[in-house]
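A.B. asks: Please find one structure pasted underneath; my questions will follow.
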């Protein structure tokens, strides 16, 4: 066969036990994440294995997830989302819904800082009228300061008279996404997917207070340890000191003036 006897009888002495243990640990605690997320967490813990080695073990263990098919938009419909250059420049806000074990529906108000994708609150309640939204915003402002802009969709709580008057009194400019174009509020929409996979789809809640306890714990883990590709594999709070240029914020402000009566 024209090969050496040593090559024929050679058996690999690689020991991947520790790599397997680390992958199994992160797959167990975060089953909905992918390889890049697991690898970033492993590197953060101080292991210096190469990406190719961890990827080989990841594939051998059958952990590869089927990629979701992305809906491609025509070039004319693609519009870059404006980027914030500092903390509290632009916040994004959106609602999610779920049910308790007794079939009562409840809502979740998610607020994030666009600059570093930090989750400022993920609060649950049976109902969220506009006055309750304002109280939640005031509580967050007391903790982290006041934003310049708040980006939302056109939900009734966000276009209500009370919310608009409050924004005007606070000197905050509301930015509204166009109807049928959720990606104009893409930062919080992407956060919503991760939150649903890790919290809403992962647990059964018997009460809103139980949900809020689990959510608060998850938010701390997310802000401190979740690596973002768009942030250079850093977590929101690791990236917090960095600065990015503003990109298209003026256009967003102009759209807000067209969609708002303020």
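A.B. asks: Just give me the residues in the stretch 129-163 being out of contact with any strand residue (DSSP E or B) (no Cβ under 7 Å at 6 or more places or on another chain) and touching a residue at least 60 places away in the same chain (Cβ under 8 Å), in sequence order. Before the answer, list the steps.
C.D. replies: Residues of the stretch 129-163 out of contact with any strand residue (DSSP E or B) (no Cβ under 7 Å at 6 or more places or on another chain): 129-131, 134-135, 137-139, 141-143, 145-146, 156-157, 159-163.
Once the filter is applied, which keeps residues that are out of contact with any strand residue (DSSP E or B) (no Cβ under 7 Å at 6 or more places or on another chain) and touching a residue at least 60 places away in the same chain (Cβ under 8 Å), the stretch 129-163 yields only 157.
A.B. asks: Let me ask something additional. Those residues that are outside any helix (DSSP H, G or I) and closer than 21 Å to residue 129 by Cβ, I need them from the stretch 159-176; list them, please.
C.D. replies: Narrowing the stretch 159-176 to residues outside any helix (DSSP H, G or I): 159-160, 171-176.
Within the stretch 159-176, 159, 160, 172, 174, 176 qualify.
A.B. asks: Can you give me the number of residues within the stretch 19-63 that are outside any helix (DSSP H, G or I) and exposed (fewer than 12 other Cβ atoms within 10 Å of the Cβ)?
C.D. replies: First pass over the stretch 19-63, keeping only residues outside any helix (DSSP H, G or I): 30-34, 45-50, 61-63.
Of the ones still in play, those that are also exposed (fewer than 12 other Cβ atoms within 10 Å of the Cβ) are 45-46, 48, 50, 62.
Total meeting the criteria: 5.
A.B. asks: How many residues does the stretch 122-149 contain that are touching a helix residue (DSSP H, G or I) at 6+ places or on another chain (Cβ under 7 Å) and either outside any loop (DSSP other than H, G, I, E, B) or within 24 Å of residue 98 (Cα to Cα) (or both)? I'd like the intermediate steps shown before the answer.
C.D. replies: Restricting attention to the stretch 122-149, the residues satisfying the condition of being touching a helix residue (DSSP H, G or I) at 6+ places or on another chain (Cβ under 7 Å) are 122-126, 130-131, 133-134, 146.
When the remaining residues are screened for being either outside any loop (DSSP other than H, G, I, E, B) or within 24 Å of residue 98 (Cα to Cα) (or both), the result is 122-126, 130-131, 133-134.
So the count comes out to 9.
A.B. asks: Tell me which residues, restricted to the stretch 88-108, are in a loop (DSSP other than H, G, I, E, B), within 15 Å of residue 203 (Cα to Cα) and touching a residue at least 60 places away in the same chain (Cβ under 8 Å).
C.D. replies: 100, 101, 102
A.B. asks: Taking the conditions exactly as written (surrounded by fewer than 21 Cβ atoms within 10 Å (Cβ to Cβ) and under 23 Å from the mean Cα position of the chain (by Cα)), does residue 182 satisfy them or not? Let's see the steps before the verdict.
C.D. replies: On the way: surrounded by fewer than 21 Cβ atoms within 10 Å (Cβ to Cβ): yes; under 23 Å from the mean Cα position of the chain (by Cα): yes.
Judged against the criteria, residue 182 is a match.
A.B. asks: Report the residue count in the stretch 17-50 for those that are modelled with pLDDT of 85 or more and within 15 Å of residue 63 (Cα to Cα).
C.D. replies: Filtering the stretch 17-50 for residues modelled with pLDDT of 85 or more gives 17-31, 33-50.
Keeping just the survivors that are within 15 Å of residue 63 (Cα to Cα) gives 19-31, 33-39.
Counting residues in the stretch 17-50 that are modelled with pLDDT of 85 or more and within 15 Å of residue 63 (Cα to Cα) gives 20.
A.B. asks: Could you tell me which residue of the stretch 173-183 is farthest from residue 141 (Cα to Cα), considering only residues that are free of Cβ contacts under 8 Å to residues at least 40 places away in the same chain and touching a helix residue (DSSP H, G or I) at 6+ places or on another chain (Cβ under 8 Å)? Show your work before the answer.
C.D. replies: From the stretch 173-183, those free of Cβ contacts under 8 Å to residues at least 40 places away in the same chain are 177, 179-182; that's our starting set.
Subset that is touching a helix residue (DSSP H, G or I) at 6+ places or on another chain (Cβ under 8 Å): 177, 182.
On the way: 177: 23, 182: 25 Å.
In this case the residue turns out to be 182.
The values are calculated or read from the model by the stated rules, or taken from the named source; none is laboratory data. If you're wondering where the values come from, they're calculated on a predicted model, not measured in any experiment. Glycine gets a Cβ as well: all are built from the backbone with ideal geometry, and neighbour counts include every protein chain shown.
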